[in-house]
Amino acid sequence: GQQLNQSPQSMFIQEGEDVSMNCTSSSIFNTWLWYKQDPGEGPVLLIALYKAGELTSNGRLTAQFGITRKDSFLNISASIPSDVGIYFCAGQGGTSGSRLTFGEGTQLTVNP
Amino acid sequence: NAGVMQNPRHLVRRRGQEARLRCSPMKGHSHVYWYRQLPEEGLKFMVYLQKENIIDESGMPKERFSAEFPKEGPSILRIQQVVRGDSAAYFCASSQGQPANTGELFFGEGSRLTVL
């Protein structure tokens with residue numbers, strides 16, 4: 001089945017720094033999504049991308065859908081302590097049909 | 001403004017018992033998905049249902065696991081004769097329209113199953 005490779009696995013940064021994480025796939029997805037998961041909670045949708053090359057912002061978050069439909073990145077600017085959590089990319093469409101295929105996550109730690 | 005509601009939040013079972021996890025989708029949503037998450041891992045798709053129909057169960061183990069979404073009431077994920085390897089967080093998600101039109105799934109807070 002389709003797999004998403006998400007990197008880095010973990011990041012330790014200082015408050016105020018910018019963060020970048022990315023996802024790659026060997027196959028095409030029609031939609032890319034980025035979720036954040038806090039401990040003991042379900043994933044919360046941050047950004048959804050529907051068009052190849054699309055660049056979308058949501059506050060301090062910016063995400064882009066790669067031209068080839070096989071990759072995406074998420075940037076967080078001026079990180080704050082509440083950004084701590086696990087960030088997951090997810091792809092939908094292509095051979096996976098309607099279901100989401102998730103990456104393994106990036107654990108973000110922000111030191112005040 | 002209720003989101004996706006899952007219960008129980010935590011469930012402890014002994015090996016061989018049955019576990020039933022319930023999910024009520026967001027109001028107006030008729031598409032339900034179940035995902036499983038092992039510690040330190042991402043979410044793995046299990047099954048996709050619409051009212052009274054299983055659309056895609058390609059992620060479900062062939063034995064002991066079943067899911068339903070009846071005309072009335074919540075979706076149920078049922079695990080029979082649980083084993084320790086079934087210990088995980090089980091997440092339900094719902095969406096409003098056809099997945100081709102929107103990838104925006106909204107997740108519940110999960111049900112954490114512990115098998116002793």
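The values are calculated or read from the model by the stated rules, or taken from the named source; none is laboratory data. No experiment lies behind these values; they were computed from the predicted model shown. Note that each Cβ is placed from the backbone with ideal geometry, even for glycine, and that neighbours are counted across all protein chains shown. Areas reflect the complete protein model, heavy atoms only, side chains present, ligands, DNA and RNA absent. Shrake-Rupley method; radii C 1.70, N 1.55, O 1.52, S 1.80 Å.
For A:ILE47, the residues whose modelled amide H falls within less than 5 Å of its own, excluding neighbours fewer than 5 places apart on the same chain, are A:TRP34. Averaged over the residues of peptide A:97-107, the number of Cβ atoms from other protein chains lying within 10 Å of each residue's Cβ is 6. Each residue, B:GLU72 and B:VAL12, gets one label point 7 Å from its Cα in the Cβ direction; the gap between the two is 3.6 nm. Excluding residues fewer than 8 places away in the same chain, name every one of the lysines whose C-alpha is closer than 25 Å to that of B:LYS62. Cα-Cα hits under 25 Å: B:LYS44, B:LYS51, B:LYS71. The alpha carbons of chain B occupy a box of 40, 26, 25 Å along the principal axes, longest dimension given first.
Ignoring ligands, DNA and RNA, what percent of the 1.4 Å accessible area of chain B is carbon and sulfur? Walk me through the numbers on the way to the answer.
Working: 2760 of 6070 Å².
The nonpolar share, carbon plus sulfur, comes to 45 percent.
Within the range B:39-116, the trypsin sites (Lys or Arg not before Pro) that combine a DSSP coil assignment with at most 13 other C-beta atoms in a 10 angstrom radius are B:LYS51, B:LYS62, B:LYS71. Extension gain for B:GLU40 to B:GLU63 (0.36 nm times residue separation, less C-alpha to C-alpha distance): 5.8 nm. Within the protein assembly as shown, DSSP assigns beta bridges of which about 90% are antiparallel (rounded to the nearest 5). Quick one: if the Förster radius is 25 Å, what FRET efficiency do A:ILE80 and A:LEU55 give, using the C-beta to C-beta distance and rounding to 0.05? With a Förster radius of 25 Å, E is 0.65. Across the range A:48-64, rounded Karplus estimates of 3J(HN,Hα) from the backbone phi angles (6.51 cos²θ - 1.76 cosθ + 1.60, θ = phi - 60°) give 10, 10, 10, 10, 4, x, 5, 10, 10, 10, 9, x, 7, 9, 9, 9, 10 Hz, Gly and Pro being marked x. Amide H contacts of B:SER87 (H built 1.01 Å from N, in plane; Pro and chain starts excluded): B:VAL115 sit under 5 Å, all sequence-distant by 5 or more or on other chains. For the peptide A:15-26, the mean number of other protein chain Cβ atoms found within 10 angstrom of a residue's Cβ is 0. Computed with the Debye formula from one identical point scatterer per Cα of the protein assembly as shown, without solvent, the log10 of I(q)/I(0) at q = 0.09, 0.12 Å⁻¹ comes to -0.36, -0.65.
Using the heavy atoms of the protein chains alone and a 1.4 angstrom probe, what is the accessible area of the protein assembly as shown per residue in square angstrom? Intermediate values should be presented prior to the final figure.
Numbers: 11030 Å² over 228 residues.
With all protein chains present, the protein assembly as shown gives 48 Å² per residue.
As a length-normalised measure over Cα pairs under 8 Å and 6 or more apart, the relative contact order of the range A:8-112 settles at 37 percent. Look at the stretch A:33-42: the mean tally of other chain Cβ atoms within 10 Å of its residues' Cβ atoms is 4.
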